[in-house]
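A.B. asks: Can you keep this structure in mind? I'll have questions shortly.
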Amino acid sequence: MLDDSKYMIKRRVIVIGGGAAGLMAAGQAAEAGASTLLLEKMKRPGRKLCITGKGRCNITNIADVTNFIAHFGKTGSFLRQAFSRFSNTDLMDFLKELGLELVTERGGRVFPASGKASDVLTVLLQWLERCGVQIKHSSIVDKLLISDGRVTGVVSRGREFLCDSVILATGGASYPATGSTGDGYRLSISAGHSIVPIRPALVPLETSGDIAGKMEGLNLRNINVRMLVNGKKRKEAFGEVVFTEFGVTGPAILTLSGEAVDAIRNGHKIVFSIDLKPALDEKKLDARLLRDFASRGKEQINSLLRGLLPREMVSVCLNLTEIPPERIANSISAKERRCLRTWLKDFRLEVTKPRPLSEAIVTAGGIDTREVDPRTMESRRTKGLFIAGELLDVHADTGGYNLQAAFATGWIAGRSAAHEK
C-alpha cells in the first residue's frame, strides 16, 4: 500500500487539475511561499496540453490586449485584469526563463521552437519540482469541504486533505480521454455556483447531404468562408478548410464554429459560403476561365477544371453546376460559365449540427464569470475557493488565445490563493 502520509498534512493551497491553468496556479502559489499540493486525476498531468495545436502547442498569440479580448466575445472583458497582469509577453518571457525556445508563426501564433507540445509540459513540471509542489496522481476529488461559507479542504478517494485555499482548474468537458470530464462543474455547483450551459466550441461541424463526404480528406488552404445565418452574413474566416466524412473542420471552420453552434441552438439556419478563389474577384476569375477555355478548348471540362480545382472537387463542382463532365471546353455556354464562376466564389454547404462535445477543442459555457472576482479569480460564493482555466465561461477562437487565458487565470489564482488568510 502506498504511503500517503506526506500528502495528509494541512496545506496552504490545494490545486485540483494538472492542465495548463492548474500547473501555472500550483507553481505560482508555491513560488509565493505557500505549501502546495496538486491533485491530478490522471496518471500524469498535462495530457490535454500535449495534444493542443495538433501536438505542437499554440501557447499564445502576439496580438495586443484589446485584440486579444475581442477574440473572446461577450465575456472577454472579464479577462482584462488577467491579461494586464500576466500578458502574452509575460508568458513568453516566463517560458523562455524556464529554458523553452519559442517561435512566432503566421497570424501571430506562438509555438515551442521544437514543435513539440511535450516540451512545454516538461519545462513546467521541472519548474514545479524546483518550487516544491507535490503532485498526487490518480486522485479524483469527490467533494469540497466547506464550513461557514469557506472552503477548508477536499475529499479524494474517501480521504480528507485540509487546506486554506482550493484552486479549481479541472478543465471543461472536451476531450474527456485527457481527464476533462466536467468534474469541476459538479464541484463548483456544490460551492454555490451556477453554470452557463456547456456546449462545444472550436468543434468540427456536420453538413447536410453527402457532398462533404465525397471530398473526405481534402485539405484546402487560403480559403475564405462566410457564415450565413438565415441568409445574412454574420462572420467570416480565412484559412484552412478540411472536408470529412460528416462535414467540415480545419482552422477557418473552427473559428466560426462557436457562433454556429449557438445559432443552431437558437433554431437558425446556418450556411457556409466558401470562396475557393479569394485572390480573384468575379471579373478576374471570368477572364481566367475565358483564357483557359480558349487555350484548352478541345479538352473535356472535367480535365480542364483540374487546373483550377483539386481532383476531388471536380466531380462535385460539375454535379452541382449541372455541367456534363465530358463536355468540350469550347462548347461551354456563357450561362454555364457564369454558373461555374458563381460556384467557385460561392460554394455552399448547409450546417446541420456540431460534432459531440467530446470532439471539441474547447468547452463553451461554464462557471458564470459574474460569480468570480476577476482581480483574484476567487469565488464570490465560497471564500478561499479560486477558479481558473476552461471551467470559466470564457472561450475564444483559434490562435493561442485560449491557452493564454488558462495560463493567465492560473497565474492570478495561484498568487491570490497563496496570500489568502
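The values are calculated or read from the model by the stated rules, or taken from the named source; none is laboratory data. Everything quoted here is computed from the prediction, not taken from an experiment. In this analysis, Cβ positions are derived from the backbone assuming ideal geometry, glycine residues included, and neighbour counts consider all displayed protein chains.
A.B. asks: Show me the helices (runs of 4 or more DSSP H) found entirely inside region 41-97 where at least 3 residues are closer than 24 Å to Val372 by Cα and at pLDDT 95 or above.
C.D. replies: Numbers: elements: 52-55, 65-70, 80-85, 88-97.
Correct list: 80-85, 88-97.
A.B. asks: Turning to a different aspect of this structure: Go through region 252-267 and give me each residue that's crowded, with 16+ Cβ neighbours inside 10 Å and either in contact with a helix residue (DSSP H, G or I) (Cβ under 9 Å, 6 or more places away or on another chain) or among the small types (Gly, Ala, Ser) (or both).
C.D. replies: The answer is Ala252, Ile253, Ser257, Gly258, Glu259, Ala260, Ala263.
A.B. asks: Further, regarding this structure: Being within 21 Å of Leu357 (Cβ to Cβ) and buried (at least 24 other Cβ atoms within 10 Å of the Cβ) is the filter here; which residues of region 394-411 pass it? Break it down into steps so the answer makes sense when it comes.
C.D. replies: Going through region 394-411, the residues within 21 Å of Leu357 (Cβ to Cβ) turn out to be 394-398, 401-403, 405-406.
Once the filter is applied, which keeps residues that are within 21 Å of Leu357 (Cβ to Cβ) and buried (at least 24 other Cβ atoms within 10 Å of the Cβ), region 394-411 yields Val394, His395, Ala396, Thr398, Tyr401, Asn402, Leu403, Ala405, Ala406.
A.B. asks: To continue, here is another question. Any residue in region 117-135 that is in a loop (DSSP other than H, G, I, E, B) sitting within a Cβ distance under 7 Å of a residue that is crowded, with 16+ Cβ neighbours inside 10 Å and among the β-branched types (Val, Ile, Thr)? List the pairs, counting only those 6 or more apart or interchain.
C.D. replies: Within 7 Å, the pairs are Val133/Thr36.
A.B. asks: Also, quick follow-up: Among the residues of region 329-338, is there at least one that is closer than 30 Å to Ile51 by Cα and either of a type in the set (Val, Ile, Thr) or not assigned by TED's automatic domain parsing to the domain that holds Asn302 (or both)? Before the answer, list the steps.
C.D. replies: Initially, region 329-338 is screened for residues closer than 30 Å to Ile51 by Cα, giving none.
For region 329-338, residues closer than 30 Å to Ile51 by Cα and either of a type in the set (Val, Ile, Thr) or not assigned by TED's automatic domain parsing to the domain that holds Asn302 (or both): absent.
A.B. asks: Next question, about the same structure. Please indicate, with yes or no, whether at least one residue in region 378-389 is buried (at least 24 other Cβ atoms within 10 Å of the Cβ) and under 14 Å from the mean Cα position of the chain (by Cα).
C.D. replies: We begin by selecting, within region 378-389, every residue buried (at least 24 other Cβ atoms within 10 Å of the Cβ); these are 385-389.
Now narrow it down to the ones that are under 14 Å from the mean Cα position of the chain (by Cα): 389.
Yes, some residue in region 378-389 is buried (at least 24 other Cβ atoms within 10 Å of the Cβ) and under 14 Å from the mean Cα position of the chain (by Cα).
A.B. asks: Given the conditions (1) surrounded by 13 or more Cβ atoms within 10 Å (Cβ to Cβ); (2) over 20 Å from Lys54 (Cβ atoms); (3) at pLDDT below 95; (4) not aromatic (Phe, Trp, Tyr), and given that Gly107 satisfies all but one, which numbered condition is not satisfied?
C.D. replies: Of (1) surrounded by 13 or more Cβ atoms within 10 Å (Cβ to Cβ); (2) over 20 Å from Lys54 (Cβ atoms); (3) at pLDDT below 95; (4) not aromatic (Phe, Trp, Tyr), only one is false for Gly107: (2).
A.B. asks: Also, I was wondering about something else. How do the pairs read when you match residues in region 317-345 that are over 14 Å from Lys283 (Cα atoms) with residues anywhere that are in a strand (DSSP E or B), using Cβ under 6 Å and keeping only pairs 6 or more apart or on different chains?
C.D. replies: Glu326/Gln300
A.B. asks: I've got another one for you. How many of the residues making up region 105-116 are among the hydrophobic types (A, V, I, L, M, F, W, C) and either touching a residue at least 40 places away in the same chain (Cβ under 8 Å) or in a helix (DSSP H, G or I) (or both)?
C.D. replies: Within region 105-116, the subset among the hydrophobic types (A, V, I, L, M, F, W, C) is 110-111, 113.
Then drop every residue that is not either touching a residue at least 40 places away in the same chain (Cβ under 8 Å) or in a helix (DSSP H, G or I) (or both), which leaves 110-111.
Residues flagged as among the hydrophobic types (A, V, I, L, M, F, W, C) and either touching a residue at least 40 places away in the same chain (Cβ under 8 Å) or in a helix (DSSP H, G or I) (or both) within region 105-116 amount to 2.
A.B. asks: When region 190-236 is examined, which residues are found to be exposed (fewer than 13 other Cβ atoms within 10 Å of the Cβ) and under 30 Å from Ile146 (Cα atoms)?
C.D. replies: The answer is Ser190, Ser194, Pro197.
A.B. asks: For region 362-377, what are the residues that are crowded, with 21+ Cβ neighbours inside 10 Å and in a loop (DSSP other than H, G, I, E, B)?
C.D. replies: Matches in region 362-377: Met377 only.
A.B. asks: I want to confirm something. Restricting to region 160-189 and keeping residues that are hydroxyl-bearing (Ser, Thr, Tyr) and outside any helix (DSSP H, G or I), which single residue is surrounded by the fewest Cβ atoms within 10 Å (Cβ to Cβ)?
C.D. replies: Within region 160-189, the first condition is being hydroxyl-bearing (Ser, Thr, Tyr), and the residues that meet it are 165, 170, 174-175, 178, 180-181, 185, 188.
Now drop any that are not outside any helix (DSSP H, G or I), which leaves 165, 170, 174-175, 180-181.
On the way: Ser165: 28, Thr170: 32, Ser174: 25, Tyr175: 21, Ser180: 26, Thr181: 19.
So the residue we want is Thr181.
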